[in-house]
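This report concerns only the one structure given below.
The values are calculated or read from the model by the stated rules, or taken from the named source; none is laboratory data. Since this is a predicted model, take the numbers as computed values, not measurements. Cβ coordinates were reconstructed from backbone atoms using ideal geometry, including for glycine residues, and neighbour counts include every protein chain displayed. Surface accessibility is based on the protein's heavy atoms, side chains included, excluding ligands, DNA and RNA. Shrake-Rupley method; radii C 1.70, N 1.55, O 1.52, S 1.80 Å.
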Amino acid sequence: MLVDSHCHINLIDQPASQTIEEAHQSGVGHMLCVSVDMESFPEIYKIAQKNEDISISVGIHPNSSETKEPTIDQLIDSGSLPEVVGIGETGLDYFRSEGDLSWQKDRFISHITAAKICKKPLIIHTRQAKEDTLRILKEEGADEVGGVLHCFTEDWDTAKKGIDLGFYISFSGIITFPSARDLQQVAAKIPANRLLIETDSPYLAPVPYRGKTNTPAYVQYVAKHIAELRKTSLSCIEDITTENFFSLFTHAAKH
């Protein structure tokens, strides 16, 4: 089966039940619905409670403008729920945010602290901030729990440093874009035991659906393209990435 290691089912403009059924019909057996703010966490929690093949995370996207920043204790309380398998998405984004970004770094550190206490892996978003992201992960001891650099778009050196910190590397539909040649070379080099796939739906739909609403059902196109890049079979990529997902997210229920 396929696993979509990062999606936002609650943000897709159709009933969650329809999205999940379409994914099942496309061979997707498990999905991780990732939190981007605390306001929508109850919604994704309900989705996970109704569906055993949906795991969730808790966290606040680096660019999310929360009216009230959650405390570490609040992150820990939600992070301790059995349906929650990871902390995030969290990290740094210097592309969308400008000015003094100390608040973003503080938020990031709070998530790392919560992850270490909950003993659950981190889901990392980084954009135009790779040096600070890696530095903070190292300084704050994030290697204690590991995690994933999601929707990876950086170079091989960044991937290698992330792997050295105990992190997995996840590729989205961007890998299917003809312009993503440098990224495709990175995907071909990632050690098999550190490779994950995702949709980041409803964003970044892969070819042949580029520009349309993305859904977890389309993770198959990411898998197919990576299989071609790595000169292996689709079933091999399915097996590797599924095994890797459950090795990282040990609290996810495997069916």
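Tabulated data
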{"quantity": "Stokes-Einstein D for segment 54-104, Kirkwood Rh over Cα pairs, 25 °C, 0.890 mPa s (µm²/s)", "calculated": "203"}
{"quantity": "Assigned charges on the beta-carbon of Lys, Arg, Asp, Glu; segment 200-246 dipole about Cα centre (debye)", "calculated": "260"}
{"quantity": "Pairwise FRET efficiency - ASN63 versus CYS236, Cβ, R0 = 35 Å, nearest 0.05", "calculated": "0.45"}
{"quantity": "Spin-label zone in segment 162-194 - amide nitrogen under 15 Å from a point set 7 Å from the Cα of VAL207 along the C-beta vector", "calculated": "172-185"}
{"quantity": "Taking only Cα atoms of segment 144-254, radius of gyration then Dmax in Å", "calculated": "13.2, 39"}
{"quantity": "The chain: DSSP helices with Cα axial extent of at least 18 Å and average Kyte-Doolittle hydropathy no lower than -0.5", "calculated": "102-118, 234-248"}
{"quantity": "Segment 1-128 - percent of accessible surface contributed by carbon and sulfur, probe 1.4 Å", "calculated": "48"}
{"quantity": "Kirkwood hydrodynamic radius over Cα pairs of the chain, then Stokes diffusion coefficient at 4 °C and 1.567 mPa s, in µm²/s", "calculated": "73"}
{"quantity": "Beta bridges by DSSP in the chain, antiparallel share as percent, to the nearest 5", "calculated": "0"}
{"quantity": "Rounded D (µm²/s) - segment 6-135, Kirkwood Rh over Cα pairs, Stokes-Einstein at 4 °C, 1.567 mPa s", "calculated": "85"}
{"quantity": "Equivalent ellipsoid semi-axes, segment 156-209, via Cα gyration tensor eigenvalues times 5, rooted, Å", "calculated": "21, 13, 8"}
{"quantity": "With all protein chains modelled, accessible area of TYR94 [1.4 Å, Å²]", "calculated": "60"}
{"quantity": "The chain, dipole about Cα centre (Lys/Arg Cβ +1, Asp/Glu Cβ -1), debye to the nearest 20", "calculated": "640"}
{"quantity": "Approximate spin-label separation SER247-TRP103, in nm, with each point projected 7 Å along Cα-to-Cβ", "calculated": "4.0"}
